[in-house]
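The next block holds one structure in the form of structure tokens; read it before the comments.
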Amino acid sequence: MPLEEKIETIYQQVRARNPGEDEFHQAVKEVLESLGPVLVKYPEFAEKRVIELVCEPERQIIFRVPWQDDRNEIHINRGFRVEFNSAMGPYKGGLRFHPSVYLGIIKFLGFEQLFKNALTGMPIGGGKGGADFDPKGRSDGEIMRFCQSFMIELYRHLGEHTDVPAGDVGVGGREIGYLFGQYKRITNRYESGVLTGKGLGWGGSLVRKEATGYGAVYFLREMLAVRKGTLEGKTCVVSGSGNVAIYTIEKLQQLGARVVACSDSDGVIVHEKGIDLALVKRLKEIERRRIADYGSLHRDARYIAGGNIWDIPCHVAMPSATQNELNGKDAGRLLANGCIAVAEGANMPCTPEAVRLFLDAGIAFGPGKAANAGGVATSALEMQQNASRDSWTFEYTERRLDDIMTRIHAATFETAEEFGAAGNYVVGANIAGFLKVARAMVAHGLV
Ligand code: GLU
């Protein structure tokens, strides 16, 4: 069977086995499209059906999460943990609490995570989990009770050498605290390395909170350096205003860029003088308010209810909110407005059409698998500190993160060149990540 046909057949099999899971199909398709030259160079991977194996999660867990709200009303949510692949280390990846969560979202995230984690060079496999729970507007007590109910089922699947969750959309330091407390109570073990993103006073790592955003900017810095550019004086637009967006803005500002817009799911803030990050942090990290309130607190900022952030002209766009938030039309507009670089802080935020347009235009495009790997890489550094009962300084940890991102950039850049796709970080990241996982899987035999 010719190679292209073989890959298409594998893709069609994945679709048939996982009906209705559009995001998972999208993530698989993007990786498979890069793998042709790998099978030519390493026919062993085709003989051993490594691609088919890697597309099938090792284990998928779906469970009921019942809980009571503050008015004693009963709610029933659905919890998930997809343990995708443990060839490189214990399953590792975040938990997402969002009403859009279903198996297809968790599988796409787990699939991406697996290759991302391999790219970090740290000993971690891939997994992802979450629930279709909507934390918006819920009290602290409700969040705690939900986390406790979620963990009473999940705990049996976890362990510092087995499966190590962390945060993702809707799961931050507060939720990790409640989840850890419940795990500790059920198991009667202070097993620090079972979760990452912990509080600094009880096993967390400095820089973990900042890591995804900082890492994405380091990756961007490296992409610009290849083109003899820097961030100094660049106008940037960062979608979202959650953990990734906040620390992306912080590092962009530290490196001399001007961030003129951010957003949440209700609307966009445009502030030509530069986003006031202290205010965003206060609104989002402490008061848990909407970004619209930024507009009423800053006279010279503009709030566009229901606006599209990709309408704002910029040199650099960093989609840092959620999957498929930037489509082909948006990409066309960004390019027409003079955008020269895009780095994905979120997981799969650009649609396939948008990615194609960016690559065809020859601008610097950093796919999430590589560009947002700093978060999980620093989770692995947190696990390392937990294992040695140590805690490192901010400076040392940040240097480690910077080194890891610089190495991921070099590896993806060089792999793209080696496989005849110079400058294409999508191909570079997919192949470099796949090769690491595939080699480990072959070494472990048919398991
Ligand atoms: N949720 C993050 C990601 O998408 C981090 C996962 C982790 O730290 O385990 O990579």
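We did not get these values from a lab; they are worked out from the coordinates using the rules stated. Please read these numbers as outputs of a predicted model, since none were measured by experiment. Positions of Cβ are backbone-derived with ideal geometry, glycine not excepted, and every protein chain shown enters the neighbour counts.
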*With the condition kept exactly as written, say whether any residue in the stretch 183-190 is touching a residue at least 40 places away in the same chain (Cβ under 8 Å), assigned to a helix (DSSP H, G or I) and within 19 Å of Ser379 (Cβ to Cβ).*
no
*Name the residues in the stretch 368-388 that are over 17 Å from Thr322 (Cα atoms), under 17 Å from the mean Cα position of the chain (by Cα) and more than 9 Å from the ligand (Cβ to nearest atom), would you?*
Leu381
*Among (1) within 25 Å of Pro90 (Cβ to Cβ); (2) in contact (Cβ under 8 Å) with a residue 40 or more places away in the chain, which single condition is Ser388 missing?*
(2)
*Among the residues listed as Ile312, Ile340, the single one being under 23 Å from the mean Cα position of the chain (by Cα) and either touching a residue at least 60 places away in the same chain (Cβ under 8 Å) or closer than 24 Å to Ala421 by Cα (or both)*: Ile340
*Got at least one residue in the stretch 34-49 being among the charged types (D, E, K, R), more than 22 Å from the chain's Cα centre (by Cα) and within 16 Å of Ala432 (Cα to Cα)?*
yes
*Which one of the conditions (1) closer than 20 Å to Gly345 by Cα; (2) in a loop (DSSP other than H, G, I, E, B); (3) not basic (Lys, Arg) does Ala216 fail to meet, given that it meets all the rest?*
(2)
*Among the numbered conditions (1) farther than 18 Å from Lys369 by Cα; (2) of a type outside the set (A, V, I, L, M, F, W, C); (3) surrounded by fewer than 24 Cβ atoms within 10 Å (Cβ to Cβ); (4) more than 16 Å from the ligand (Cβ to nearest atom), tell me where Ser241 comes up short.*
(3)
*Select from the stretch 336-347 the residues that are closer than 16 Å to Ala364 by Cα and touching a helix residue (DSSP H, G or I) at 6+ places or on another chain (Cβ under 9 Å) and write down the one among them that is farthest from the ligand (Cβ to nearest atom).*
Asn337
*Quick one: which strands (runs of 3 or more DSSP E) lie wholly within the stretch 52-156 and hold at least 3 residues that are within 16 Å of the ligand (Cβ to nearest atom)?*
74-85, 91-97, 126-131
*May I ask you to say which residue of Thr393, Thr397 is surrounded by fewer than 24 Cβ atoms within 10 Å (Cβ to Cβ), over 25 Å from Ser34 (Cβ atoms) and within 16 Å of the ligand (Cβ to nearest atom)?*
Thr397
*Kindly establish whether Met223 is surrounded by fewer than 24 Cβ atoms within 10 Å (Cβ to Cβ) and among the aliphatic types (A, V, I, L, M).*
no
